[in-house]
Amino acid sequence: MKGMDILKKLGFGTMRLPVDENEDINYELIGQMVDIFVRNGFTYFDTAYGYMGGRAEIALRKCLVERYKREEYVIADKLTLSKMVEFESLEEYFLVQLRNLGVDFIDLYLIHGLDAEKYKYAKEENCFDFIRELKKRGKVKYIGISFHDSAEVLEKILSEQNDIDYVQLQVNYLDWKDNIVQSEKCIEIATKYCKRIIVMEPLKGGMLASFNEMDYKIVSKLGKRMSAASWGIRFAASQKNVDIVLSGMNSLDQIQDNVSYMKNFISINNEEMNLLFQLAEQYKEKRYVRCTICRYCIDVCPKNIDIPLYIQLLNNIKRFDNKSIFYNMKTYYKAHTQKDNGLAGCMECGQCENICPQKISIRKYFGEIKQLFE
């Protein structure tokens, strides 16, 4: 299947946009980032109704749609199942998204975050029929799914919904052989069904965006001075049938770095691939929690606990195993718990675990974090 007319493989993700000290979206900075992105030939922007507390679509309108011609960019948006209750109908939901974005049509429309349970719900609510009808009416150009489950579940979906155009998958070198995420197997299934692929989480929520001393020793064998992020994004972009790799860029430095190596993209070679798998083994030995900071857990938490923040404190200690890091993280933990009562407010209701795309046993790690810091 021929994919969209996309000039470059890098996509601009809006799940994690830059904010100021008051947590307000920094439109000026985003506008500068959009300018760098578009002027270097990149076109693909990814968003969703729930991103940034419902503000991401509007930010995209202000910083992209109101400043560039419609033919100069591609927008991907999503039908997020958990947000459907806010609207009387799927049609109303979609019309609100069009208004938020300030556009007449959406290039790619995805049913968001499917796993086995959400797939059943999407079928019961006729979501697939709805997006097919949108495509027929010309309100969207391409349809697809974003996916968080096993390759077996993906095959079931694609065998039953074989007319979708795109599959958005979590692909990175840490999850390539992972028993839960199954990046490699999911790419094989998508390829088997002739689907084009969008990659999300190439840097595992930022976990692969920096190197520690051991990481640098491994990649230095190549004699290439490239950022840690470049290895993760280039790895994902080098896989079969991948049209776009999304990057959650939130600074000028990050977007300039990404543009520098993706403007004239060169696939990684076998030697580079093998070294990245060595890195993956180093990570796995540290037993990292697989959080990607998607923040879906916070949306359903009755106490609005910043769950990813606490998980990242734990991951930082595991990754940078020294006393200075521990005491820095402990100070940060205490400051945060004093501000919002932190983990002491947890009701152990389990709603966060039910919605987590990574299937993390969050309550178990909360116990580990409290024992470590308190």
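The values are calculated or read from the model by the stated rules, or taken from the named source; none is laboratory data. A quick note: this is a predicted structure, and the numbers were derived from the prediction, not measured. Because the Cβ atoms are built from the backbone with ideal geometry, glycine has one as well, and the counts that use them run over all protein chains shown. Only protein heavy atoms, including side chains, enter the accessible area calculation; ligands, DNA and RNA are left aside. Shrake-Rupley method; radii C 1.70, N 1.55, O 1.52, S 1.80 Å.
If residue 131 passes every condition in (1) touching a strand residue (DSSP E or B) at 6+ places or on another chain (Cβ under 6 Å); (2) under 20 Å from residue 30 (Cβ atoms) but one, which one does it miss?
(2)
Can you tell me how many residues within the range 34-47 are crowded, with 24+ Cβ neighbours inside 10 Å, of a type outside the set (Phe, Trp, Tyr) and touching a residue at least 60 places away in the same chain (Cβ under 8 Å)?
Count: 1.
Is it true that residue 186 is out of contact with any Pro (no Cβ under 9 Å at 6 or more places or on another chain), surrounded by 19 or more Cβ atoms within 10 Å (Cβ to Cβ) and within 30 Å of residue 316 (Cα to Cα)?
yes
Within the range 146-182, can you find the residues that are surrounded by fewer than 19 Cβ atoms within 10 Å (Cβ to Cβ), assigned to a loop (DSSP other than H, G, I, E, B) and not polar (S, T, N, Q)?
Residues satisfying the conditions are 163, 177, 178, 180.
Quick one: which of 37, 87, 128 is within 22 Å of residue 169 (Cα to Cα) and not polar (S, T, N, Q)?
128
Only one of these is buried (at least 23 other Cβ atoms within 10 Å of the Cβ), polar (S, T, N, Q) and in contact (Cβ under 8 Å) with a residue 60 or more places away in the chain: 247, 251. Name it.
The conditions single out 247.
Can you pull out every residue in the range 354-374 that is touching a residue at least 12 places away in the same chain (Cβ under 8 Å), open to solvent by less than 60 Å² (accessible area, probe 1.4 Å) and within 25 Å of the chain's Cα centre (by Cα)?
Result: 355, 356, 357, 358, 360, 362, 365, 366, 369.
Could you list, in sequence order, all residues of the range 6-33 that are open to solvent by 20 Å² or more (accessible area, probe 1.4 Å), under 24 Å from residue 242 (Cα atoms) and assigned to a helix (DSSP H, G or I)?
Across the range 6-33, there are no qualifying residues.
It is to be established whether one or more residues within the range 36-51 are in contact with a helix residue (DSSP H, G or I) (Cβ under 8 Å, 6 or more places away or on another chain), farther than 22 Å from residue 244 by Cβ and not in a helix (DSSP H, G or I).
No, there is no match, as no residue in the range 36-51 is in contact with a helix residue (DSSP H, G or I) (Cβ under 8 Å, 6 or more places away or on another chain), farther than 22 Å from residue 244 by Cβ and not in a helix (DSSP H, G or I).
Has the range 295-303 got any residue that is farther than 24 Å from residue 149 by Cα and modelled with pLDDT of 85 or more?
Within the range 295-303, one or more residues are farther than 24 Å from residue 149 by Cα and modelled with pLDDT of 85 or more.
Restricting attention to the range 323-333, does a residue exist that is modelled with pLDDT of 75 or more and out of contact with any Asp or Glu (no Cβ under 8 Å at 6 or more places or on another chain)?
Looking for residues that are modelled with pLDDT of 75 or more and out of contact with any Asp or Glu (no Cβ under 8 Å at 6 or more places or on another chain), one finds at least one in the range 323-333, hence yes.
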